[in-house]
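What follows is one structure encoded as structure tokens, with my remarks underneath.
Here, each number is a calculation from the coordinates, and none is a lab measurement. Nothing here was measured: the structure is a model prediction, and the numbers come from that model. Every residue, glycine among them, receives a Cβ derived from its backbone with ideal geometry; neighbour counts consider all protein chains shown.
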């Protein structure tokens, strides 16, 4: 125990210790994730086809299943240095509060203005867009973290940035919109009347509060119909998991530095960007047979793509303009309950994570939102940080495990991803503080329309 | 220039390098700040008198003009470790954007949930209240940073926390209120009908949007009329500057580590907590004749206590229940314009800083808010961090100096305090983004009522 305390509250790597390459977990997978398919022909998408929507170099990263290490360009590394390496925090206060023998660590990605890990991929995607000589990029945002991150990245490189923001978030989070505007982005609530797909969705579902899938369709349409623009995405895609691997790589370097071997690695899961990034190097060891870890995805009970979805080819977007991806999905026709507070409202899941999950290399659990906010409040009061609702799904699972350890006496080492802060989620916290928050668990009947929307392939 | 680049983007001290003592600049002042006076007798306040309002150990710190070093208790150091040492950042991107030969550093205090440096003193004051066996504390908050910080500190030590929040901020920043509630505090808009002084102020100024001076009066009345409660304050007082010296001490250790000698040190000034903390050790060297620095306070043109105020005994609060302090002041009757966005709306200034300023050991400038938001936006877009309006006063001054250096070719080293983030100031940013922000500079006639309210001593 005396030695134990030598581990500081926060492990900060030096800038020199920051990884120089991203890690591409696909290179170590024997069975690779299924390829994206052309929605018209159902044939694998070629680089040429993808280049109409995405930046060229990002297409290469998207399709690269071979190279384990992809160098991080110096321009991106320099930007990273403004907010990275991010701290790996030992949750001494939470452990003491819970009176658990478990050792809890969290990798905190919220110490930047976007408030989350999203900036790690945003700056990479903006860099490649700039390098290609584009005028600007379009994107969607759910909770607003990705849109903020992309606005910051575009401001840095002098790119135009158009954001389609899921309407429910646009209304609940007006300040998020202002942060994006402060960074020079234009922000449109989705569904909107500015795109054909938006008009169509509004005609079919006049009262809809929007969804990520729908905002994606609008952003893609906007990009392909304007010269010099491409579409960028904050989650789901292979390239995003690649960029986010910096989270896991730094975590592993920090743990190795102190000789700490985690037993359990926990991440919240929406589209999979944080979870995929956090677990990448650990999964790599697992795939290569070098180590074993209990890897756990935590998703909201209201949008349970891993725990109750189907592993099938599906549209990534509601408007069905994007390539088809094989993933655990609730169907692109699934419209998540507006009741849910966080950003984990996407119908599908990263194809890489879906394949790893299908191979039994990780497990998944779902949690209900009132218990998530209970965990968030408990965490905030002892660890100081006010967590984002998304991140708090992982906190809930970590606390539950730590309580189990208290009962069994296990000295388990738990690492979880604290993806971001909740400063822009105070409407949800207010609901919780006032005792007005409720849970929503879809019935099988609620899920059926989504499954009915799956393409027949 | 090759050597130059060895300085990292962010200088992080290790937890072991964190100071073990606060520095009390009063010990090195030949002419000490004038003592607090009893408002009834006009005699110096005794420790016994002060102990009715403040915690005992804090009273000792308030009156201590002799000891240069005050040990930081281990419990406070442990809490500090959750968010400190804070980074000293080299503003490489801002320098490049400005094309200036100046070297710019900022000490960033915003990486904690309170969003500012206020937590440094909040945790100290909560600790001493707990140690004394109190039930809880009362306080006021302007922009909400202090109230949030105190809520966090009280949650950590299990103390009750009652916050009187200046009405204009309460209305403009509902989310700040929710953060405080999430940490278990009760929040009341001030002036309120829950105190005698609040009722009186509302009767005299029915439409008032409140002021710090008025909220202080309410919080003090609440504390002295409830058993087991004391009042705590986030700025102005000697004890607060003492706790905040951790900012300057860490800054100096970080600079020394890289052999950097600053030419100019800039801080924004409201009540003086950040500025006083940042400059303390540098001022100490200056007082002891060991070094010289150009030390600059930046205040809003709308509330210019140093640049246009009078150095006189005044009430710290509008209700005139607090001790009298000798300070640069606009008079406790001065009601700052609701137009101003930030938290720098206090009529007075820390007695320590007032005395140092009066002795010519530092200078002061004032800036207008539209130019402050221009600087904030420029800074955000290249350095990533979205700054608080308060902090942006210092950014404005640093940018102006860096531009001067560009003209003269001086390779000046500028250090400024970036006290916090602007996540809860998006109403003000929105105004600025929409081109609706205006400046307000009081005329001499506008200032006269405040001066007329000065006590005759």
Could you tell me the relative contact order of chain A? Use alpha-carbon pairs under 8 Å, at least six residues apart, and round to a whole percent. 20 percent
Quick one: A:154, A:93, A:55, fewest Cβ neighbours within 10 Å first, how do they rank? A:93, A:55, A:154
Averaging over every viewing direction, what projected area does the convex hull of the Cα atoms of the stretch A:415-457 cover, in nm²? 6.5 nm²
Quick check on the exposure proxy: order B:94, B:275 from fewest to most C-beta atoms within 10 angstrom. B:94, B:275
At 7 Å out from Cα toward Cβ: residue B:227 inter-copy label distances (nm, ascending): 8.1
Could you check the spin-label model distance between residue B:436 and residue B:310? Points 7 Å from the Cα along Cα→Cβ, value in nm. 3.8 nm
Label-to-label distances across copies for residue B:133, with labels 7 Å out along Cα→Cβ, in nm, shortest first? 7.9
Determine the distance separating the Cα centre of the stretch B:165-213 from the Cα centre of the stretch A:442-457; give it in Å without decimals. 50 Å
In degrees from 0 to 90, rounded to the nearest 10, what is the angle of the helix B:369-383 Cα long axis to the longest principal axis of chain B? 50 degrees
Could you give the radius of gyration (one decimal) and Dmax (whole number) of the Cα atoms in chain B, in Å? 20.4, 66
Helix B:212-224: inclination vs chain B longest Cα principal axis, degrees, rounded to 10, gives 50 degrees
Quick check: convex hull of the Cα atoms in the stretch A:298-457, volume per residue, rounded to a whole Å³? 136 Å³
Chain A: calculated mean residue ellipticity at 222 nm from DSSP helix runs of at least 4, using -39500 (n - 2.57): -12500 deg cm²/dmol
Computed over the Cα atoms, what is the radius of gyration of the stretch A:368-444 divided by 2.2 N^0.38 Å, N being its residue count? 1.18
Averaged over residues of B:174-186, the number of beta carbons from other chains lying within 10 Å of each residue's Cβ is 5
Enter the angle in degrees (range 0 to 90, nearest 10) between the Cα long axis of helix A:238-257 and the first principal axis of the Cα atoms of chain A, meaning the one along which they spread out most. 10 degrees
Inter-copy label distances at residue A:30, 7 Å along the Cα→beta-carbon direction, one decimal in nm, shortest first? 8.2
Gyration tensor (Cα) of the stretch A:291-374, equivalent ellipsoid semi-axes in angstrom: 21, 20, 8
So for the stretch B:1-106, Kirkwood radius off the Cα pairs, Stokes-Einstein at 20 °C and 1.002 mPa s: how many µm² s⁻¹? 120 µm²/s
In whole angstrom, note down how far apart the Cα centers of the stretch A:416-437 and the stretch B:356-427 are. 32 Å
Across peptide A:135-147, what mean number of C-beta atoms from other chains lies inside 10 Å of a residue's C-beta? 0
Of all DSSP beta bridges located in the protein assembly as shown, what percent are antiparallel, nearest 5? 35 percent
What fraction of the DSSP beta bridges in the stretch B:119-231 is antiparallel, stated in percent and rounded to the nearest 5? 0 percent
Using R₀ = 41 Å, calculate the FRET efficiency as 1/(1 + (r/R₀)^6) where r is the Cβ-Cβ separation of residue B:186 and residue B:370; round to 0.05. 0.70
If a paramagnetic tag sat 7 Å from the Cα of residue B:404 along the Cα-Cβ line, which residues of the stretch B:252-292 would have the backbone N under 15 Å from that point? B:263-267
Calculate, axis by axis, the spread of Cα positions in the stretch A:331-404 along the three principal axes, and write the results as whole Å, longest axis first. 37, 31, 18
Hey, what's the Kirkwood Rh for the stretch A:241-329 if you take every pair of different alpha carbons, in angstrom? 14.5 Å
Express the C-alpha Rg of the stretch A:332-375 as a ratio against the empirical globular expectation 2.2 N^0.38 Å, rounded to two decimals. 1.40
Sorted from largest down, what three extents in whole angstroms do the Cα atoms of the stretch A:287-336 have along their principal axes? 42, 25, 13
Listing A:310, B:345 from the residue with the fewest other Cβ atoms within 10 Å to the one with the most, what is the order? A:310, B:345
Dividing the alpha-carbon Rg of the protein assembly as shown by 2.2 N^0.38 Å yields what? 0.94
Of all DSSP beta bridges having both residues in chain B, the percent classed as antiparallel (nearest 5) is 35 percent
Work out the P(r) tail for the stretch A:95-175: percent of alpha carbon pairs separated by more than 20 Å, whole number. 44 percent
Cα-only Debye scattering, the stretch B:119-231: base-10 log of I(q)/I(0) at q = 0.12, 0.20 Å⁻¹: -0.37, -0.97
The stretch B:38-84, Cα convex hull volume normalised per residue, Å³: 111 Å³
